[in-house]
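Enquirer: Submitted below is the structure of interest, expressed as structure tokens.
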Amino acid sequence: MIKQIFGKLPRKPSKSSHNDSNGNGGVHGNSSLNSSLGTNSLNNSKPSSTSSKSSSSASSNNGPLNSHSSGWNKLNHGKKTSSLATQAGHVLTSGAYEALPSFRDVPNSEKQSLFLRKLGLCYVVFDFSDPSKNLREKDIKRQTLLELVDYVSSVSTKFNEVAMQEITRMVAANLFRTFPSLNHDNKILEMYDAEDEEPAMDPAWPHLQIVYELLLRFVVSPETDAKLAKRYIDHPFVLRLLDLFDSYDQREREYLKTILHRIYGKFMVHRPYIRKAINNIFYRFIFETEKHNGIAELLEILGSIINGFALPLKEEHKLFLVRALIPLHKPKCVSMYHQQLSYCITQFVEKDFKLADTVIRGLLKYWPVTNSSKEVMFLGELEEVLEATQAAEFQRCMVPLFRQIGRCLNSLHLQVAERALFLWNNDHVRNLITQNRTVILPIIFPALERNTRNHWNPAVQSLTLNVRKIFLDADQALFDECLARFQENEAKEKEMQEKRELIWKRLEDVAASKSVSNEAVLVSRSISSMAINSSPTPKATAGR
């Protein structure tokens, strides 16, 4: 019995298991390591004698690192990097996760080496789904991360390539991860419901926040040479940062927004790539998934980027407006990011007023049909665009624009009708309308008259009377002409309706007289053609 019990206990790993670099992760079947760090910890495997092999084993254990591990190991850093990785490997495989001395307790000559050792200690990623697991190790890592943040903030010498490489590797090991798929797990879907009162929180945030702070301090530090750091904060690294914008935790997206904006400002060589990568995220969101948590934050970054565009605008930027920003009005969840989107659109029009016609026609293309709250947002954005629109561009699009506004004026939804009427409260918009009243008033006059006579809401009727008065004071002759034309069309429509009813009455009478004898009812071609011509078409009926 005693032999059976001892047989089940974990055995001490052999030397061959320590030197194994077969890419199966850093655990190598060691159950004691699993119990101390958690089954989901990422420990960067056991490195070999060269930095490239060390990176390879780390990427095999940390799936997200596969796409960019080569970017961090372009140069062979020799014994320093290898010894650092070896030390971290020995700490992990031995199961002894112990705190290292404080920076205050070592001389200045040893602080650089201690900094690298502390980075190696932070490669381990713990499982935070169980709050009671690895409490001691988690506390050690948290204190170590805080010390690293203080060191990066107070360092007075330039970061060398070894430090840059290890910082980016440690950041990648902790941050770059795959988010749960909501399509295949109903429980997780309920947990991250966008309509919940409480937003979703990542249980690992106490550690993630410090890692993000460390990355932010490293990027903005004057001791970080951009020409050297771009080898490690490279395109794959930036792309993985952008992937993290789909996080359900808003706190994480806020940090990402700040860090990406700083990277865009410091690393000029990455700017075209960042814009292109954001474009691709938008394309996937618009035309494929319509699901992404970070569209608002990405648009907020773009708002400041667009504000810094030089004039005249490049063709690339105009294509971005037409192909990405304007189609972002299409998804149903546009309310989640409409404020940021509207700001970006307005920035383009203010930069180049000739784009106003393109923007307005784009809004009309994606104008909502059955979503009243979305229609109110469109009207608000339209007013901001019109405020930056010049007379020449306004004249190009005013006919289709005011046909749509006329339909909004007659909307039975109170907020839609009111928001359309509030356009006349804007001085610039009202001046544009008044200057082009000979074209605009005939288009919207029927809608104004129907509102004053039939709209169910007294406030809408009162606002409509104010708009009518503006046109009447501006050009009474034009107003009287439109009124006479409306009354004439109304009389014609009434006459056609009476003829239609008379024809149907005659058909009913003939059918009733023939019903007794079961004879077929013969309708003359002239009567049937009159009935067809006088009856409203399906399209016209739908338009009303």
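We did not get these values from a lab; they are worked out from the coordinates using the rules stated. These numbers were taken from a predicted model, which means no experiment stands behind them. All Cβ positions, glycine included, derive from the backbone under ideal geometry; neighbour counts span all protein chains shown.
Enquirer: Taking a ≥ b ≥ c as the square roots of the eigenvalues of the Cα gyration tensor of segment 193-302, is the shape rounded (a/c under 1.5), prolate (a/b larger than b/c) or oblate?
Expert: On the way: a/c = 2.53, a/b = 1.31, b/c = 1.94.
The shape class here is oblate.
Enquirer: Quick check: from the Cα gyration tensor, does segment 438-515 come out rounded (a/c under 1.5), prolate or oblate? Let's see the in-between values first.
Expert: Numbers: a/c = 5.39, a/b = 2.43, b/c = 2.22.
Prolate, because a/c is 1.5 or more and a/b exceeds b/c.
Enquirer: Is there a pair in K318/K354; K276/K318; K314/K354; K257/K354 whose C-alpha atoms are over 19 Å apart, and which pairs would that be?
Expert: In this structure, K257/K354 lie more than 19 Å apart at Cα.
Enquirer: In terms of the Cα gyration tensor, with a ≥ b ≥ c the square roots of its eigenvalues, is segment 290-408 rounded because a/c is under 1.5, prolate because a/b exceeds b/c, or oblate?
Expert: oblate
Enquirer: Here's another thing I want to ask about it. Could you list, in their original order, any pairs among K138/K227; K141/K332; K330/K499; K133/K230; K141/K230; K266/K330 whose Cα atoms are separated by more than 32 Å?
Expert: K138/K227; K141/K332; K330/K499; K133/K230; K266/K330
Enquirer: In nanometres, what is the gap between the two model label sites at E493 and R104, each 7 Å from Cα along Cα-to-Cβ?
Expert: Result for the modelled spin labels: 8.3 nm.
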